Amino acid sequence: MIKAVSFTRIWSNQTMMRALCFTLLLGIAEAGTNGQPPNVLFLLADDLRADLIDSAASSAIETPNLDELAGTGMTFTRAYCSYPICVVSRAEILTGQHGWENGIDGTRGATLRGDPTFWPEAFREAGYETFHVGKWHVSGRPSAYGYTDVAGHFGSGGAKWWEPGQTDWKGFPITGYKGWIFQSGDGKTKYPELGIGVTPDISKTIAEAAIGLLEQERSRPWMMHVNFTAPHDPLMMPPGLEGKHEVSDIPLPADYLPVHPFDHGNFDGRDEALLAWPRTEDAVRDLLRVYYSVVDDLDTQIGAILRALDQSGQRENTIIIFTSDHGMACGSHGLRGKQNQYEHTARVPMIIDGPSIEPGHRRDAMIYLRELFPTTCDLAGIDVPDSVTAKSFAPILRMEEEAHHDAIFGYFTNTQRMIRTDDDWKLIVYPEIGKTQLFDLGNDPFEREDLSESKDEGVKKKRRNLGDRLREWRRQQHDI
Ligand SMILES: [Ca+2]
């Protein structure tokens, strides 16, 4: 238990100091159970496809702990990221703003614009303790974003910690998380003994850090962000799961293709280089075998965190959110990586459990990840900061409303723009190559048939309508 001990020690020293001098009175509405403000436990996966955790929609794997959470909470079947890479998506989550508002947008720049209030900052200002655990993938340190304490902080450790010869499960040189290590929140203390880069048991390490925090007595409400690295590459087989999935048992995705039919704007990207072209059936099955195993382990570790929350006696008064920063192709549409607008990547898993949330409901209201920030403020009775432009979907959680948006918009660099409408149609444009795709998601949920050249009058009208709406949105965003 060396890991748990070291994280607990880091945490304890910082928190004891703060507890001694902290006398802020809570200005929070009575939004939780017994008049107590609710805690917020935010569990964020990394590159996790939404279709893997939804047992009600016949998932390819079993995720008993997340299924249990879905049973007590609410599942959103049409939750979306705005921009399918880690940094931009996480910046949207933390600011409650679109990337073109906060400046971390992957198209026009990567410098934070304005002075937005960050998600944990809003809760800290309201009297919460706010914890960061796990992957840190925005600039600076968590303390600059409103986190009062850090445990199990996994971030870039600099060139010193890069070890040549590190490989993924297949023996290929790793290209992601080079030299990342666990460290203290201020980065001054490093823990290379816990592993350099992504390790086979990293989800367990992160979960243990979160559990260490949950086991602490505290007198104030808290928000905890637990950012896993799973199932981001490099994929490593978690201990004990080596034989769980056999390549021959893995079905190919319904949208499998050996090669994407055109350059969608990221053919030369790092993610696409992780799997040889063409993507053979066996290579995709083998990739999915280890990807599924990493998700199995993620589910187990989330189960451990939820058991610790149960044992702490705080479950009843905690809002629990499980989601991912975006999805992943893993062989779907001939792609390996994110950086695309298909459902397997743009859509994210989303389960929300908590006080006053009706158990076991599935909602098809269309929501964005960045809307979690104002939604949790709403649920906790905290004023939404002025800088937040995203719209709370708390009325959906409270069963007061059915619909939230009638269209969702996505983007990636200058190469992809997308609109997905409430009536299940999607238009993707690739401005730099003059290409358009149109999908009837109601009849073609796996986006296998591009209808953009259809002669059917109804379909042509749909294409014009979606094209007009997407252009109008782009004009509003000063994108064209
Ligand atoms: Ca990611």
First select every other residue whose beta carbon is under 13 angstrom from the beta carbon of Gly103; then total the charges, Lys and Arg +1, Asp and Glu -1.
-2
Lys, Arg +1 and Asp, Glu -1 on Cβ, resulting dipole of the stretch 414-480 about Cα centre, debye, nearest 20
320 debye
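What number, rounded to the nearest 500 deg cm²/dmol, is the helix-based mean residue ellipticity at 222 nm of the chain, given -39500 (n - 2.57) per DSSP H run of at least four residues and division by all its residues? Walk me through the numbers on the way to the answer.
Working: 11 runs with 132 residues, N = 480.
Result for the chain, helices only: -8500 deg cm²/dmol.
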Asp364/Glu68 FRET efficiency (R0 22 Å; Cβ-Cβ; nearest 0.05)
0.50
Over the stretch 163-306, what is the relative contact order in whole percent, taking alpha-carbon pairs under 8 Å and six or more residues apart?
28 percent
Round to the nearest 10 and give me the degree value, 0 to 90, for the angle of helix 202-214's Cα axis relative to the longest principal axis of the chain.
40 degrees
For Ile305, Ile382, Ile93, Ile174, what ranking results if the residue with the fewest other Cβ atoms within 10 Å of its Cβ goes first?
Ile174, Ile382, Ile305, Ile93
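Can you give the convex hull volume of the alpha carbon atoms of the stretch 414-480 per residue, in Å³?
Details: hull volume 5.9 nm³, N = 67.
Convex hull of Cα atoms, per residue: 88 Å³.
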Among Cys330, Ala308, Ile382, which residue has its Cα positioned farthest towards the positive end of the charge dipole of the chain, with +1 placed on the Cβ of Lys and Arg, -1 on the Cβ of Asp and Glu, and the dipole taken about the Cα centre?
Ile382
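For every other residue with a beta carbon closer than 14 angstrom to the beta carbon of Ser332, add +1 if it is Lys or Arg and -1 if Asp or Glu, then tell me the sum.
On the way: positive: Arg49, Arg279, Arg285, Arg336, Lys338, Arg347, Arg448; negative: Asp47, Asp51, Asp255, Asp271, Glu272, Glu281, Glu343, Asp444, Glu447.
Counting the neighbours of Ser332, the net charge comes to -2.
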Column: log10 I(q)/I(0), Debye, Cα scatterers of the chain, q = 0.12, 0.13 Å⁻¹:
-1.07, -1.28
Among Gly458, Ile480, Gln416 - extreme Cα towards positive end, dipole of the stretch 414-480, charges at beta-carbon:
Ile480
Whole-Hz ³J(HN,Hα) for each residue in the stretch 220-228, computed from phi via Karplus 6.51 cos²θ - 1.76 cosθ + 1.60 with θ = phi - 60°, x for glycine and proline: what do you get?
10, x, 9, 10, 10, 9, 10, 9, 6
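Hand me the trypsin sites (Lys or Arg not before Pro) from the stretch 404-480 located in a DSSP loop with no more than 16 other Cβ atoms within 10 Å, in residue order please. Let's see the in-between values first.
On the way: sites: Arg417, Arg420, Lys426, Lys435, Arg448, Lys455, Lys460, Lys461, Lys462, Arg463, Arg464, Arg469, Arg471, Arg474, Arg475; in loops: Arg448, Lys455.
Qualifying residues, ordered by number: Arg448, Lys455.
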Looking only at the chain, where both bridge partners belong to it, what percent of the DSSP beta bridges are antiparallel (to the nearest 5)?
55 percent
So how do 104-111, 48-55 stack up, highest first, on mean other-Cβ count within 10 Å?
48-55, 104-111
Give, rounded to the nearest 20 debye, the magnitude of the charge dipole that the stretch 58-142 has about its Cα centre when Lys and Arg contribute +1 at Cβ and Asp and Glu contribute -1 at Cβ.
320 debye
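Rounded to the nearest 20 Debye, what is the dipole magnitude of the chain about its Cα centre when Lys and Arg each give +1 and Asp and Glu each give -1 at the C-beta?
On the way: 49 positive and 69 negative charges, 259 e Å.
Result for the chain is approximately 1240 debye, rounded to the nearest 20.
Counting only C-alpha contacts under 8 Å and six or more residues apart, can you give the relative contact order of the chain as a whole percent? Before the final figure, lay out the partial values.
Details: 997 pairs, mean separation 115.0, N = 480.
Dividing the mean separation by the residue count of the chain yields 24 percent.
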On Cα atoms only, tilt of 281-312 relative to the major axis of the chain in degrees
30 degrees
Provide Lys135, Lys188 in ascending order of the number of other Cβ atoms located within 10 Å of each residue's Cβ, fewest first.
Lys188, Lys135
Can you find, among Asn102, Val133, Met74, the residue sitting farthest towards the positive end of the charge dipole of the stretch 69-133, where Lys and Arg contribute +1 and Asp and Glu -1 at Cβ?
Met74
Roughly how tilted is helix 2-21, in degrees to the nearest 10 and between 0 and 90, from the longest Cα axis of the chain?
70 degrees
Over the stretch 165-227, what relative contact order in percent results from Cα pairs under 8 Å that are six or more residues apart?
20 percent
Consider a paramagnetic label point 7 Å from the Cα of Gln216 along Cα→Cβ; state which residues of the stretch 316-331 have an amide N under 13 Å from it.
none
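Each reported figure results from applying straightforward, stated rules to the coordinates on display, with no laboratory input. Please read these numbers as outputs of a predicted model, since none were measured by experiment. In this analysis, Cβ positions are derived from the backbone assuming ideal geometry, glycine residues included, and neighbour counts consider all displayed protein chains.
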